[in-house]
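First comes the structure, then the notes that go with it.
The values are calculated or read from the model by the stated rules, or taken from the named source; none is laboratory data. Model, not experiment: these values are computed from the prediction. Methodologically, a virtual Cβ is constructed for each residue, glycine included, from the backbone with ideal geometry; neighbour enumeration extends over all protein chains shown. Just so you know, the surface numbers come from the protein's heavy atoms only, side chains and all, with ligands and any DNA or RNA stripped out. Shrake-Rupley method; radii C 1.70, N 1.55, O 1.52, S 1.80 Å.
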Amino acid sequence: VRMLGLNSNYTQVLRDGLPSLDGLNSNLGLLSAQPLDLQQVDVIKGSASTLYGGGAIAGIINLISPTPSDSPTTSLLVNATSLAETNVHYFTSKKKNKVGHTLFIALDNALARDINKDKLSDVPENHQLIIHPRYFFDINKKSNLRIGVQLQFDNRKGGYMPVIFKNKHDVNKIGRAHV
């Protein structure tokens with residue numbers, strides 16, 4: 001993500017108004033945002049370093065999570081691609097009286113792929129699990145309390161295909177199997 005022509009290190013990424021990727025902004029792509037756990041994206045161009053520090057010289061991207069409504073919501077997204085990637089995402093939310101909750105769970109898997117047959121992975125092997133529960137408490141008309149946590153487990157392997165698959169003798173078989 002580049003804003004105002006500056007490197008991504010100068011764009012602060014927020015999750016619900018709080019810094020979420022300190023020092024890792026350069027690894028963020030817009031496709032990294034999970035659609036079921038995203039209600040809105042606010043983009044503020046220009047310096048916001050007074051409020052958010054030197055990482056916000058180019059601007060801010062605020063990823064806003066959904067909040068529960070009075071009617072329960074449940075969504076399931078199942079996806080498979082031609083690049084041997086599978087995704088299963090689940091989102092549910094419910095609010096009763098002054099208490100609500102949301103739960104987002106994502107499981108993503110992708111096999112390493114050597115598309116141009118140079119024995120280097122063009123798509124890394126990726127296994128990711130995200131669990132994001134949040135609780136909402138309406139204290140009065142002007143005040144509310146939100147408590148949540150986002151747990152993310154990510155295991156990626158990329159690079160030389162024989163090392164990824166730990167079988168240096170079957171490089172040609174690996175290349176054909178994953179193309």
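Quick notes on this structure:
- Residues of region 69-98 classified as surrounded by 13 or more Cβ atoms within 10 Å (Cβ to Cβ) and closer than 27 Å to residue 148 by Cβ, total: 13
- Residue check for residue 116: more than 30 Å from residue 4 (Cβ to Cβ), in contact with an Asp or Glu (Cβ under 7 Å, 6 or more places away or on another chain), without any contact (Cβ under 8 Å) to a residue 60 or more places away in the chain and loosely packed, with under 12 Cβ neighbours inside 10 Å: yes
- One residue stands out in region 131-179 among those that are under 20 Å from the mean Cα position of the chain (by Cα) and modelled with pLDDT under 85: the one that is nearest to residue 67 (Cα to Cα), namely 156.
- Apart from one condition, residue 57 fits all of (1) of a type in the set (A, V, I, L, M, F, W, C); (2) modelled with pLDDT under 90; (3) over 15 Å from the mean Cα position of the chain (by Cα); (4) surrounded by fewer than 12 Cβ atoms within 10 Å (Cβ to Cβ); the exception is (4).
- Of the residues making up region 80-95, those that are more than 23 Å from residue 160 (Cα to Cα) and touching a residue at least 12 places away in the same chain (Cβ under 8 Å) are 87, 88, 89, 90, 91, 92, 93, 94, 95.
- Of all residues in region 55-79 being in contact (Cβ under 8 Å) with a residue 12 or more places away in the chain and of a type in the set (Gly, Ala, Ser), the one that is farthest from residue 132 (Cα to Cα): 58
- Filter pass, residue 100 being in a helix (DSSP H, G or I) and over 16 Å from the mean Cα position of the chain (by Cα): no
- Some residue of region 1-11 being at pLDDT 80 or above, closer than 28 Å to residue 91 by Cβ and in contact with a strand residue (DSSP E or B) (Cβ under 7 Å, 6 or more places away or on another chain): yes
- Scope region 34-66; condition part of a loop (DSSP other than H, G, I, E, B) and at positive phi; matching residues: 46, 53
- Whichever residue in region 21-33 is in a helix (DSSP H, G or I) and open to solvent by 50 Å² or more (accessible area, probe 1.4 Å) and, among such residues, is modelled with the highest pLDDT: 32
- Near pairs, Cβ below 7 angstrom, 6+ apart or cross-chain, from region 1-20 (loosely packed, with under 15 Cβ neighbours inside 10 Å) to any residue that is at pLDDT 75 or above and in a strand (DSSP E or B): 4/45; 4/59; 17/62
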